[in-house]
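For reference, the structure discussed in these notes is given below.
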């Protein structure tokens, strides 16, 4: 999966110059040994939104983590 470096990994919208964003470092072991890669997320709220793309991503990770423990 290729994601443009100026694209939000959550909503897939572009991250405009001057917008606040968060970078998440992803470690994956690969045969090629390329090392970590990064995903970017909007850190600012969109009009009418209650949480940012980064906060939504974090909530989904927490839900997945807790549902895995419950199973």
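Since every read-out is calculated from the coordinates, none of them should be taken as a lab result. Computed from a prediction, not measured in an experiment: that's the story for all the values here. A quick note on method: Cβ atoms are made from the backbone with ideal geometry, for glycine too, and the neighbour counts reach across all protein chains shown.
Listing for the model above:
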| item | result |
| --- | --- |
| Extension gain, residue 68 back to residue 13 (0.36 nm per residue minus Cα-Cα distance, nm) | 16.8 nm |
| Region 21-70: C-alpha gyration tensor shape, a/c 1.5 cut-off, then a/b vs b/c | oblate |
| Sorted by Cβ density within 10 Å, fewest first, the residues 51, 22 | 51, 22 |
| Length-normalised contact order for region 21-70 - Cα pairs under 8 Å, 6+ apart - percent | 27 |
